[in-house]
Amino acid sequence: MIKANILNRLNEITKSYSFFFVLATIVIRDFSGPIDTLFSKNNKDHLNHNEFSFLIGLWIKNIDFNNKNELKEEEIFPETYDLMEKLHYTFFNDFKFNPELIPDFKEHFSKARILQETMFYAGTGAYDKQYKELVTEKYKYDVEWLQNEKGFNLNSLPQFYDNIKNVLQEKLNDRRFKKNLSHREMAIQVFCLNKEEIVKENKDFEIILNHFQIDLAEANNKQFNDLGDFNLFSEKPILKIKDNLYFIPSTFALSESMYESLYYWMLADKKYLDTALKNRGNVAEEITKNILEPVFGSKNIYQNIIINRTKSEQVTDIDMLAILNDTAIIFQIKSKKLTSLSKKGDMGSIKNDFKKAIQDAYNQAILSRKCLENFQNYKFPFQDDDFKSRLPKIKNFLIVTIVLDDYPAITHQVHVLLENNSDDLPVAINIFDLALIAKYLSKPEKFTDYISKRTKYSNYFKATNEMGFLGFHLDQGLKKYDGDLVYLDESWAQSIDKKYYQEVYKDREERTHSKKTQRNDLCYCNSGLKYKKCHGKLYV
């Protein structure tokens, strides 16, 4: 089935308002359930966040409230999955395998279409809780601009998100106990909120709602035609489907939009642009330092190390350096984002974005490493004697490049696009990956050991994202096994997902419910079930 026909059919079925109920069913099937179940499913049989957002984008664009055609959900639901699977296969139409030749996989996987495929079908690069918690840190220098230009206090954003998440969470948990509702009634009950539930008499909440909501009765998203096109849903993930009724299909999409959209608002203000970019660069380094200091201690973290050849001739600089005994980790941090052209598969744009986000950072780190290895020949004008006394003791240098935002398939791009003269590749991650590595490897010895092994086995292990490497390392350990290559499937990243959300919801449960309610007590909702089998069994 050719791509044009697939897209035509998807555009056709998303014209009906009743596609809403197909979307709701997808959320129930693919993005909600008990934690143990949700993070042990086979991802190949489910849509990912980008695929789901793509369907919503088409629905926003195509919905016709005058179209009275009622979709037969029992037919459209499986057809939607079939169409999305066929759409995925179109990325591989030009792949020709000759069994008589040794395939050049690097050449194949560095093609624009394949790079676009890895970006679109990669897992999400952060958790909703991470987006929510970092948004105030990311924009802390832009508080005044937000208040003056957008009319709300930055600190209200995570509170706004928590309110919506908590209300929807309760609705999702209660779903099991409302057997009398039809499927359609249940979909509206679980995924839709009225204005009162969202705003809670909070003036900031009402302003924020207006910024992040879109009225489906208006003509919207008309430029959205293909994978990689700008999708209005990414900017406005709260969908007003009728008066005083808002469809919120993905709280993750809301958290991501909160974290990303503010930046684009500021870019549109030409008078504030330079300030916004300066603030963005500064905060990237500050967030990195805040993550690393609890691991290494403040005395072992050095920031903005200027390296000169002479008193006035600067050679390079290091954003962040962490030292443990005879090992130093060089962190080079960039705030470059993946552009829309790259997401559409433009090879020139992909290479340019990669150069600015990873290649330049890596080259700078390599130069910095050479300077540190030959420290006698260089000057460090702003470092104290303690720092200089540690340089002769450093025998090993590791390199980590960091980006401030999610950069889809960054590990794959390092393998196929990085230009280097070494057998070892740098550890290229986003700020959220760094936070999770620091969370689960909170001792400096364990953190450094992981970065060392990731570097040593960079051409031996392959994974779609950093959490795949981390999950495998925590369970099995990164080391040499039989074979020339070890590919780590999605289950290893899912093990981190499961671990993370079990901790998040355990903490939430302890804060939300009375300590008097024990796991084997009858549930407070009077269902007659034990708490652990009822509201204690969280659906997320």
Revision key, fill the gap. Cβ pairs under 7 Å, 6+ apart or interchain, first in region 353-368 and assigned by TED's automatic domain parsing to the domain that holds A328, second surrounded by fewer than 23 Cβ atoms within 10 Å (Cβ to Cβ) and assigned to a helix (DSSP H, G or I), ordered by first then second residue, are F354/L417; I358/V414
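Name the single residue, out of those in region 38-55 being assigned to a loop (DSSP other than H, G, I, E, B) and not hydrophobic (A, V, I, L, M, F, W, C), that is surrounded by the fewest Cβ atoms within 10 Å (Cβ to Cβ). It would help to see each step written out before you state the result.
As a first pass, look at region 38-55 and keep what is assigned to a loop (DSSP other than H, G, I, E, B): 39-42, 46-48.
Within this subset, residues satisfying the condition of being not hydrophobic (A, V, I, L, M, F, W, C) are 40-42, 46, 48.
Working: S40: 14, K41: 15, N42: 10, H46: 15, N48: 19.
For region 38-55, the residue satisfying everything is N42.
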Review point. Failed condition for S40, given (1) modelled with pLDDT under 95; (2) under 20 Å from C192 (Cα atoms); (3) among the hydroxyl-bearing types (S, T, Y), with all others met?
Key: (2)
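So, L239, is that one in contact (Cβ under 8 Å) with a residue 12 or more places away in the chain, farther than 30 Å from Q116 by Cα, buried (at least 18 other Cβ atoms within 10 Å of the Cβ) and not assigned by TED's automatic domain parsing to the domain that holds L338 or not? Don't jump to the end; show me each part of the working.
Working: in contact (Cβ under 8 Å) with a residue 12 or more places away in the chain: yes; farther than 30 Å from Q116 by Cα: no; buried (at least 18 other Cβ atoms within 10 Å of the Cβ): yes; not assigned by TED's automatic domain parsing to the domain that holds L338: yes.
Considered against the rule, which asks whether it is in contact (Cβ under 8 Å) with a residue 12 or more places away in the chain, farther than 30 Å from Q116 by Cα, buried (at least 18 other Cβ atoms within 10 Å of the Cβ) and not assigned by TED's automatic domain parsing to the domain that holds L338, L239 comes out as no.
Being over 14 Å from I333 (Cα atoms) and either in contact (Cβ under 8 Å) with a residue 60 or more places away in the chain or not acidic (D, E) (or both) is the filter here; which residues of region 280-295 pass it? Quick ask: steps written out before the conclusion?
Initial filter on region 280-295 (over 14 Å from I333 (Cα atoms)): 293-295.
Across region 280-295, the qualifying residues are P294, V295.
Is it the case, given these coordinates, that I323 is closer than 30 Å to K446 by Cβ, hydrophobic (A, V, I, L, M, F, W, C) and under 26 Å from the mean Cα position of the chain (by Cα)?
No; evaluated as a whole, the condition is false for this residue.
Give K72, K61 a once-over and let me know the one that is closer than 27 Å to G345 by Cβ and among the basic types (K, R). Don't jump to the end; show me each part of the working.
Values: K72 fails: closer than 27 Å to G345 by Cβ.
Matching residue, one of K72, K61: K61.
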Revision key, fill the gap. Within region 27-76, the residues that are of a type in the set (D, E) and touching a helix residue (DSSP H, G or I) at 6+ places or on another chain (Cβ under 9 Å) are D30, D36, D45, E51, E73
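Condition check ((1) modelled with pLDDT under 95; (2) of a type in the set (F, W, Y); (3) in a loop (DSSP other than H, G, I, E, B)) across all residues:
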{"site": "Q147", "(1), (2), (3)": "no, no, no"}
{"site": "L154", "(1), (2), (3)": "no, no, yes"}
{"site": "Y161", "(1), (2), (3)": "no, yes, no"}
{"site": "V167", "(1), (2), (3)": "yes, no, no"}
{"site": "L172", "(1), (2), (3)": "yes, no, no"}
{"site": "R176", "(1), (2), (3)": "yes, no, no"}
{"site": "N180", "(1), (2), (3)": "yes, no, yes"}
{"site": "R184", "(1), (2), (3)": "yes, no, no"}
{"site": "I188", "(1), (2), (3)": "yes, no, no"}
**Study point:** Residue in region 18-37 that is nearest to the chain's Cα centre (by Cα), counting only those that are of a type outside the set (G, A, S) and outside any helix (DSSP H, G or I)
**Key:** F31
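For region 353-472, list the strands (runs of 3 or more DSSP E) that sit wholly inside it and hold at least 2 residues that are closer than 30 Å to T310 by Cα; which are they? Give the steps one after another, and end with the answer.
On the way: elements: 396-403, 427-430, 461-463.
Fully inside region 353-472 and qualifying: 396-403.
The values are calculated or read from the model by the stated rules, or taken from the named source; none is laboratory data. Worth saying up front: this structure is predicted, and the values here are computed from it rather than measured. Backbone-built Cβ (ideal geometry, glycine too); neighbour counts: all protein chains shown.
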